[in-house]
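K.L.:
Take this structure first; my questions come after.
The values are calculated or read from the model by the stated rules, or taken from the named source; none is laboratory data. It should be emphasised that the depicted structure is a prediction, and the values quoted were computed from it without experimental measurement. Please note: Cβ atoms are built from the backbone with ideal geometry, for glycine as well, and neighbour counts cover all protein chains shown. Heavy atoms of the whole protein, side chains included, go into the accessibility calculation; ligands, DNA and RNA do not. Shrake-Rupley method; radii C 1.70, N 1.55, O 1.52, S 1.80 Å.
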Amino acid sequence: MENIVATVTLDQNLDLYAIETSIPNVEYNPEQFPGLVFRLEEPKVTALIFKSGKMVVTGAKSTQQLIEAVKKIIRELKRHGIVIVGRPKVQIQNIVASANLNVCVDLEKAALTLENSMYEPEQFPGLIYRMQNPRVVLLIFSSGKMVITGAKREEEVKEAVYNIRDTLAKMRALRPCPSE
């Protein structure tokens, strides 16, 4: 897991000026951006907080870390006198992950066989594959390394990696990498 992007909904409006004046190290410049920027060091995440009570949280490396970060942000707001009513609703919007098949991939062969794929090596060195189940996008490189994006749950990332490995193996697009 490289990054999880989630939205958090608090069923209330927030006074961003009050948050800015009571919490050190937050950034709020409404002329440039309508949200307040709240950075946590541990876990290392950034939350964009809007007066509507909505937040966008980025940087978590796991669902557990995301939940921990949201709890920490809420505790910090409460500790500085910001009244928070109810429980935050957290919804994962996108997971970005990387994986390595530890074998090389014949991208030409894969591009000819995989539906919903695009491979233009003059433009970009990886094959772009839009998987239907789970619904994710994979960037696959000849080295066997991949970037997976669009997942909403960690299990979908694992499922996508296993699915593509099995699919590429069936089409005989996998081969040992030459040793350095």
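K.L.:
Among the residues of the range 22-45, how many are aliphatic (A, V, I, L, M) and in a loop (DSSP other than H, G, I, E, B)?
P.N.:
Matching residues across the range 22-45 total 2.
K.L.:
Now, a different point. Please determine, by comparing only the residues of the range 29-55 that are out of contact with any Gly (no Cβ under 8 Å at 6 or more places or on another chain) and of a type in the set (Lys, Arg), which one is least open to solvent (accessible area, probe 1.4 Å).
P.N.:
Here the answer is 54.
K.L.:
Separate question: I'd like the full set of residues that are without any contact (Cβ under 8 Å) to a residue 60 or more places away in the chain, open to solvent by 30 Å² or more (accessible area, probe 1.4 Å) and closer than 19 Å to residue 162 by Cβ, limited to the range 103-115.
P.N.:
115
K.L.:
Determine whether residue 137 is without any contact (Cβ under 8 Å) to a residue 24 or more places away in the chain and open to solvent by 30 Å² or more (accessible area, probe 1.4 Å).
P.N.:
Yes; evaluated as a whole, the condition is true for this residue.
K.L.:
Mind telling me which of the residues 19, 74, 67 ends up being over 20 Å from the mean Cα position of the chain (by Cα), touching a residue at least 12 places away in the same chain (Cβ under 8 Å), outside any strand (DSSP E or B) and under 27 Å from residue 152 (Cβ atoms)?
P.N.:
So the residue among 19, 74, 67 that is over 20 Å from the mean Cα position of the chain (by Cα), touching a residue at least 12 places away in the same chain (Cβ under 8 Å), outside any strand (DSSP E or B) and under 27 Å from residue 152 (Cβ atoms) is 74.
K.L.:
Of the conditions (1) without any contact (Cβ under 8 Å) to a residue 24 or more places away in the chain; (2) open to solvent by 40 Å² or more (accessible area, probe 1.4 Å); (3) more than 15 Å from the chain's Cα centre (by Cα), residue 145 fails just one. Which one is it?
P.N.:
If we test residue 145 against (1) without any contact (Cβ under 8 Å) to a residue 24 or more places away in the chain; (2) open to solvent by 40 Å² or more (accessible area, probe 1.4 Å); (3) more than 15 Å from the chain's Cα centre (by Cα), just (1) comes out false.
K.L.:
Does residue 118 satisfy being touching a helix residue (DSSP H, G or I) at 6+ places or on another chain (Cβ under 8 Å), more than 24 Å from residue 1 (Cβ to Cβ), modelled with pLDDT of 95 or more and open to solvent by 70 Å² or more (accessible area, probe 1.4 Å)?
P.N.:
yes
K.L.:
Looking at 9, 58, which is the one that is closer than 19 Å to residue 89 by Cα and either free of Cβ contacts under 8 Å to residues at least 40 places away in the same chain or open to solvent by 40 Å² or more (accessible area, probe 1.4 Å) (or both)?
P.N.:
From the options 9, 58, the qualifying one is 58.
K.L.:
Here is a list: 75, 79, 87. Which entry is open to solvent by 50 Å² or more (accessible area, probe 1.4 Å), more than 30 Å from residue 173 (Cβ to Cβ) and at pLDDT below 95?
P.N.:
Unique residue meeting the criteria: 87.
K.L.:
Follow-up question, since we're still on this one. In the range 141-167, what count of residues is obtained for those that are in a loop (DSSP other than H, G, I, E, B) and either basic (Lys, Arg) or out of contact with any strand residue (DSSP E or B) (no Cβ under 6 Å at 6 or more places or on another chain) (or both)?
P.N.:
4
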